[in-house]
Amino acid sequence: MMADDGDKCILQVEDDENDVFLLERVFKRAGIANPLRIAADGQIAIDYLAGQGDFRDRERYPLPCLVLLDLKLPKRDGLEVLEWIRRQPALRNLVVVVFSSSSLPQDIERAYKLGANSYVQKPSDAERALEIAQLFKGWWLDYNRFAPVYDTQ
């Protein structure tokens, strides 16, 4: 079954509540209306995307149009989550943007090798965060056309 494009939620995989709050705030200021779903660790992100456990109800937990993925996460780190996503045939088209504070070349290279669509370093201040949110909205949510993502159930 194909995911409903009407919802077009964004899955933010982030364990830092301050980063979640900042992103929600700058998305709102940038005019991004897509609902944010939050996964506080890598295993929750996988369960959400697989539609397992509490996330079986796709009306309440629709597949996202894209994933914003932090790297440093509890239980399963972001690179493990990315690798898992790319091994799922139904999620092959899912857009994954790594959104991490890491600027280590090895993290960036590994993320792209595992199939990240983009790698953005988290900003250190609110104005830069707003600029990134506006650019994100323009590119990923206005100009980009998403390939279909299929429910894994």
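Structure values in brief
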read-out	value
Residue pairs meeting the criteria (Cβ under 9 Å; at least 6 apart or on separate chains; first farther than 18 Å from TRP139 by Cβ and without any contact (Cβ under 8 Å) to a residue 12 or more places away in the chain, in the stretch 107-123; second β-branched (Val, Ile, Thr) and surrounded by 15 or more Cβ atoms within 10 Å (Cβ to Cβ))	ILE108/VAL98
Test: residue in the stretch 103-118 that is hydrophobic (A, V, I, L, M, F, W, C), surrounded by 19 or more Cβ atoms within 10 Å (Cβ to Cβ), within 22 Å of ASP16 (Cα to Cα) and under 16 Å from the mean Cα position of the chain (by Cα)	yes
Flag if PRO123 is assigned to a loop (DSSP other than H, G, I, E, B) and loosely packed, with under 14 Cβ neighbours inside 10 Å	no
For ILE132: the one exception among (1) buried (at least 16 other Cβ atoms within 10 Å of the Cβ); (2) farther than 27 Å from ALA50 by Cα; (3) over 16 Å from the mean Cα position of the chain (by Cα)	(3)
In the stretch 10-21, the residues that are crowded, with 19+ Cβ neighbours inside 10 Å and either without any contact (Cβ under 8 Å) to a residue 12 or more places away in the chain or not charged (D, E, K, R) (or both)	ILE10, LEU11, GLN12, VAL13
For CYS65: the one exception among (1) over 24 Å from ILE44 (Cβ atoms); (2) surrounded by 12 or more Cβ atoms within 10 Å (Cβ to Cβ)	(1)
Criterion violated by LEU23 - all others in (1) modelled with pLDDT of 95 or more; (2) under 17 Å from LEU141 (Cβ atoms); (3) not acidic (Asp, Glu) satisfied	(1)
ARG37 within 25 Å of TYR112 (Cβ to Cβ), surrounded by fewer than 21 Cβ atoms within 10 Å (Cβ to Cβ), in contact (Cβ under 8 Å) with a residue 24 or more places away in the chain and in contact with a strand residue (DSSP E or B) (Cβ under 7 Å, 6 or more places away or on another chain)	yes
Residue check, LEU71 within 21 Å of ARG37 (Cα to Cα), modelled with pLDDT of 95 or more, of a type in the set (A, V, I, L, M) and part of a loop (DSSP other than H, G, I, E, B)	yes
Selection count, the stretch 41-56, where residues are surrounded by fewer than 18 Cβ atoms within 10 Å (Cβ to Cβ) and under 12 Å from the mean Cα position of the chain (by Cα)	0
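The values are calculated or read from the model by the stated rules, or taken from the named source; none is laboratory data. Computed from a predicted model, the values in this text were never measured in an experiment. Counting neighbours? That spans all protein chains shown, and the Cβs are built from the backbone with ideal geometry, glycine included.
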